[in-house]
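Visitor: Dropping the structure in here first, questions after.
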Amino acid sequence: MTERKWAVIAIGGNSLIKDKQHQTVEDQYQAAKETAHHIADMIEMGWDVAIGHGNGPQVGFILRRSEIAAKVAGMHEVPLDVCGADSQGAIGYALQQNLNNEFYHRKIKKSVATVITQVLVDKDDPSFQHPTKPIGGFMDEAEAQRRKVEENWSVVEDAGRGWRRVVASPLPKEIIEIDVVQALLNQGICAITVGGGGIPVIEDEHGNYYGTAAVIDKDYASSLLAQKINADLFLISTAVEKVYINFNTPEQKGIDVMTASEARQYIAEGHFAKGSMLPKIEAILWYLDAGGKEALITDPAHIIPALRGETGTRIIPG
């Protein structure tokens with residue numbers, strides 16, 4: 001019997017939105033269809049996969065609809081943790097249906113399931129004292145200060161464009177539904193999980209979980225998932241074919257393979273941008289430091305060539 005190969009694939013929420021002209025639900029569905037095609041290729045190569053995904057733009061849309069509905073029709077607003085759950089269901093549905101269709105047409109005997117996933121964070125995580133992640137629409141100063149007092153929001157003025165709410169981005173500590181995900185994978189079922197980094201929850205002194213207003217980085221959550229299932233490969237699917245040093249300069253150079261120590265050197269030299277490539281590299285280092293075997297960064301269209309060693313950036317221990 002062939003030994004099973006486990007992979008965690010982290011898909012960016014932005015990868016489901018190609019540009020500002022393609023943001024509708026149907027546009028996102030078509031983007032999910034393309035991604036599902038590449039994942040099905042990977043499964044045909046013999047990989048068993050768990051899929052994590054981002055949800056930044058989608059949660060933003062849900063929040064905006066909620067804010068407009070509240071102002072126009074007096075509807076109740078949707079809490080951030082529930083927005084996360086909504087997005088997990090919707091994105092999971094798009095990926096799940098497209099993967100099912102791919103499996104059917106390729107005659108692959110495989111099932112796929114989306115797990116609405118909670119991720120435990122530490123209520124004393126330092127990020128809760130210094131929230132920096134902007135969410136929701138812009139407000140005038142009066143509304144921002146009112147919500148700060150009445151709803152205990154953290155608010156900031158955003159470069160002269162108005163005021164916005166900011167929330168914490170704590171590190172993931174534990175995937176609550178990890179046993180469910182592992183059981184699905186053991187049955188050969190493709191699992192979609194830790195959507196948007198997972199729904200952030202905190203635990204009280206009685207062992208009860210409660211949703212909290214925070215945003216967990218999906219690459220860190222997917223890294224934790226890869227650690228917990230002992231994945232053979234942690235693959236981050238993003239907007240670029242490979243990782244570059246001196247990015248967007250005349251000295252720009254693509255990296256085919258780098259060790260963990262080389263990655264740390266590049267970080268120290270400031271090669272990776274804080275809001276884009278840096279958290280991806282750091283999430284991969286976390287996985288490798290925990291005993292992970294190898295990681296890969298590439299864009300959806302190059303997943304199969306990258307798995308063959310023809311492109312992408314491979315990060316290995318050492």
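Visitor: Out of all the residues in region 50-64, which are surrounded by 22 or more Cβ atoms within 10 Å (Cβ to Cβ), under 22 Å from ASP81 (Cα atoms) and of a type in the set (Gly, Ala, Ser)?
Guide: GLY52, GLY54
Visitor: On to the next question. Quick one: what pairs do we get from region 228-251, first residue without any contact (Cβ under 8 Å) to a residue 24 or more places away in the chain, second surrounded by 12 or more Cβ atoms within 10 Å (Cβ to Cβ) and polar (S, T, N, Q), C-beta under 7 Å, 6+ apart or different chains?
Guide: Listed by first residue and then by second, the contacts come to nothing, as the list is empty.
Visitor: Against the condition surrounded by fewer than 19 Cβ atoms within 10 Å (Cβ to Cβ), under 17 Å from ILE192 (Cα atoms), touching a residue at least 60 places away in the same chain (Cβ under 8 Å) and among the aromatic types (Phe, Trp, Tyr), how does TRP47 come out, does it pass?
Guide: no
Visitor: Still on this model: What is the one condition in (1) of a type in the set (Gly, Ala, Ser); (2) farther than 28 Å from VAL78 by Cα; (3) more than 14 Å from the chain's Cα centre (by Cα); (4) surrounded by 24 or more Cβ atoms within 10 Å (Cβ to Cβ) that ALA183 does not satisfy?
Guide: Unmet for ALA183, out of (1) of a type in the set (Gly, Ala, Ser); (2) farther than 28 Å from VAL78 by Cα; (3) more than 14 Å from the chain's Cα centre (by Cα); (4) surrounded by 24 or more Cβ atoms within 10 Å (Cβ to Cβ): (4).
Visitor: Also, I was wondering about something else. Quick check on region 1-36: of everything there that is part of a helix (DSSP H, G or I) and buried (at least 19 other Cβ atoms within 10 Å of the Cβ), which residue is nearest to the chain's Cα centre (by Cα)?
Guide: GLY13
Visitor: Give me a count of the residues in region 191-214 that are in contact with a Ser or Thr (Cβ under 8 Å, 6 or more places away or on another chain) and either surrounded by fewer than 24 Cβ atoms within 10 Å (Cβ to Cβ) or modelled with pLDDT under 95 (or both).
Guide: Counting residues in region 191-214 that are in contact with a Ser or Thr (Cβ under 8 Å, 6 or more places away or on another chain) and either surrounded by fewer than 24 Cβ atoms within 10 Å (Cβ to Cβ) or modelled with pLDDT under 95 (or both) gives 2.
Visitor: Moving to a separate point now. Test of understanding: among VAL121, VAL115, which residue is closer than 30 Å to MET45 by Cβ and either out of contact with any Ser or Thr (no Cβ under 6 Å at 6 or more places or on another chain) or in contact (Cβ under 8 Å) with a residue 60 or more places away in the chain (or both)?
Guide: VAL115
Visitor: May I ask you to list the residues in region 98-142 that are within 23 Å of the chain's Cα centre (by Cα) and of a type in the set (Lys, Arg)?
Guide: LYS123, LYS133
Visitor: State whether the residues of region 224-231 include one that is surrounded by 19 or more Cβ atoms within 10 Å (Cβ to Cβ), out of contact with any strand residue (DSSP E or B) (no Cβ under 7 Å at 6 or more places or on another chain) and under 30 Å from VAL115 (Cβ atoms).
Guide: Yes, some residue in region 224-231 is surrounded by 19 or more Cβ atoms within 10 Å (Cβ to Cβ), out of contact with any strand residue (DSSP E or B) (no Cβ under 7 Å at 6 or more places or on another chain) and under 30 Å from VAL115 (Cβ atoms).
The values are calculated or read from the model by the stated rules, or taken from the named source; none is laboratory data. Model, not experiment: these values are computed from the prediction. We place every Cβ from the backbone using ideal geometry, glycine too, and count neighbours over all the protein chains shown.
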